[in-house]
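Before any comments, here is the structure.
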Amino acid sequence: MPRLTPFFALVPLLTTLACEDSRPVEPVEESMLRVVSGDGQSGLIGVPLSDSLVIEVRDENGPRSNVSVTFTALGGGTFSPPAATTDAAGRAMALWIPGEGADSVEVSALGDRITASATGARAGPTTTWMGRNDYVEYRAGTLPLVLSAPHGGTMEPAEIPDRSWGTTVRDIYTDELAYAIADALEARTGERPHLIVSHLHRRKLDPNREIVEAAQDNPRAQQTWREFQALIEHASDRVEEEFGEGYYIDLHGHGHEIQRIELGYLLGATTLGLSDQALDAGGYADNTSVPALVASSGAALSVLLRGPDALGTLLEDRGLPTTPSAQQPGPGDNPFFSGGYNTRRHGSFDGGPISGVQIELNYFGVRDTPEHRALFAERLADALAAYLPRWYPSQPTGVSASPPR
């Protein structure tokens, strides 16, 4: 018969087991950081994602204000700003500008770290992209042509205060004309330009100024400005990848008394008043928005501005008074817009293969009625169908010149 262990001998063992079973479990330390919004988005390479990345910092006592939060890109993206300080609600935010493919970020504060992810992609020929609250629109194209309309918007959201200084008058009907031009080009050539349109009223944002004057310290206006500029750059990158070079048009409207189109290449009226010989010999090309086109075409500057195949001349040939052109070499002493921020930034003034022009449209006969807008869009599309293959031989085969109308 087996021997039984006396109960008193089991007491120490039972006591030990009981102590082990009742030992408190170590709590899992919770992160002080959490993503409030902005994780898991997808967007276009180099263009701010619609939702900012918002991080909350808190401890056992609640939200932590005045804490520095750092955003470190783990992929090809960038952040604006790369570091921010939490507000009274313990939150810090940054615009996320994604790189290509899977992108990620490490967010750190007070020795704690978390990660978030996003995806960036190239625009395809049928891509339509809307910015935050639809303030900016991008329609991808198939031509070596980028078209933007910065001043025709009508949206006036309460979250963005009116600008307190600078020009606030909108260029009426230029948004409608931008869409009409894109449609007319497709009807004429079977191809579409890349199109970027700002839907905000100019009282809220001026995308043809540098950011200080354009957005005047409002974060939402600043985000829209960055979206607008980045979309032009994204479209220009797509053109460069496909064609090697291309052309940029910034579309505006003017209120000058003389009813004619003004083409701004960053040259003032005095310079345009020079003879062709003086214009070509004076080294003026480097101070324009088209030095890349001068270099790639081998043409003299005067030929590109007012020769027989210049854009202004082609518009004049189609019944649209334009300066500069062969018919009107310069504006003389009359008011004239020579080109602004967008033309300087996105043309080839600072390098790159995308040259550009600011087109200022008169009101009567061009913008004033639906019939005139449709006719102008058709004539400009016809002029561009002659202009692009003349100066950009790598353009799609469907684009070809037609006789003047």
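The values are calculated or read from the model by the stated rules, or taken from the named source; none is laboratory data. Since this is a predicted model, take the numbers as computed values, not measurements. We place every Cβ from the backbone using ideal geometry, glycine too, and count neighbours over all the protein chains shown. Each accessible area value is taken on the protein alone, full model and side chains, heavy atoms only, with ligands, DNA and RNA left out. Shrake-Rupley method; radii C 1.70, N 1.55, O 1.52, S 1.80 Å.
Between GLU371 and ARG34, what's the calculated FRET efficiency when r is the beta-carbon distance and R0 is 35 Å? Round to 0.05.
0.05
Could you pull out the longest piece of the chain with no exposed loop GluC sites (Glu not before Pro) in it, calling a site exposed if DSSP puts it outside H, G, I, E, B and it has at most 16 other Cβ atoms within 10 Å?
With a cap of 16 other Cβ atoms within 10 Å, the longest stretch comes to 258-405.
Quick check: at a probe of 1.4 Å, how many percent of the accessible area of the chain sits on carbon and sulfur atoms?
Carbon and sulfur: 52 percent of the exposed surface of the chain.
So, for region 143-197, what is the accessible surface per residue at a probe of 1.4 Å, expressed in square angstrom?
Numbers: 2010 Å² over 55 residues.
In whole numbers, region 143-197 has 37 Å² accessible per residue.
With the contact rule set at Cα under 8 Å and sequence spacing of 6 or more, what percent relative contact order holds for region 263-405?
Relative contact order of region 263-405: 28 percent.
Step through the residues of region 226-232 one at a time and calculate ³J(HN,Hα) from phi using the Karplus curve (6.51 cos²θ - 1.76 cosθ + 1.60, θ = phi - 60°), rounding each to whole Hz and writing x for Gly and Pro.
Result, ordered by residue: 5, 4, 4, 5, 5, 5, 4 Hz.
At what distance in angstrom do the alpha carbon centres of region 35-97 and region 120-170 lie from each other?
That distance is 24 Å.
Assuming 0.36 nm per residue, please report the length gained on full extension of the stretch ALA83 to GLN327 beyond their Cα-Cα distance.
Fully extending the segment from ALA83 to GLN327 adds 82.3 nm.
Work from the charge dipole of the chain (Cβ charges, +1 for Lys and Arg, -1 for Asp and Glu, about the Cα centre) and give the residue of HIS346, LEU147, VAL294 farthest towards its positive end.
Final value for the positive-end residue is LEU147.
So how much slack lies between ALA281 and MET155, counting 0.36 nm per residue of separation and subtracting their Cα-Cα distance, in nm?
On the way: separation 126, 0.36 × 126 = 45.36 nm, distance 4.67 nm.
Full extension from ALA281 to MET155 adds 40.7 nm.
Go through region 181-187 residue by residue and turn each phi into a ³J(HN,Hα) via Karplus (6.51, -1.76, 1.60, θ = phi - 60°); whole Hz please, and just put x for glycine and proline.
Rounded to whole hertz, the list is 5, 4, 5, 5, 5, 5, 5.
Between 0 and 90 degrees, rounded to the nearest ten: what's the tilt of helix 7-21 against the longest Cα principal axis of the chain?
That works out to roughly 10 degrees.
Which three lengths, in whole Å and largest first, does region 40-103 cover when its Cα atoms are put on their principal axes?
Here the Cα extents, ordered largest to smallest, are 40, 16, 15 Å.
On a 0 to 90° scale, report how tilted helix 370-391 is relative to the longest principal axis of the chain, with both axes built from alpha carbons and the result rounded to the nearest 10.
Relative to the chain, helix 370-391 is tipped by roughly 90 degrees.
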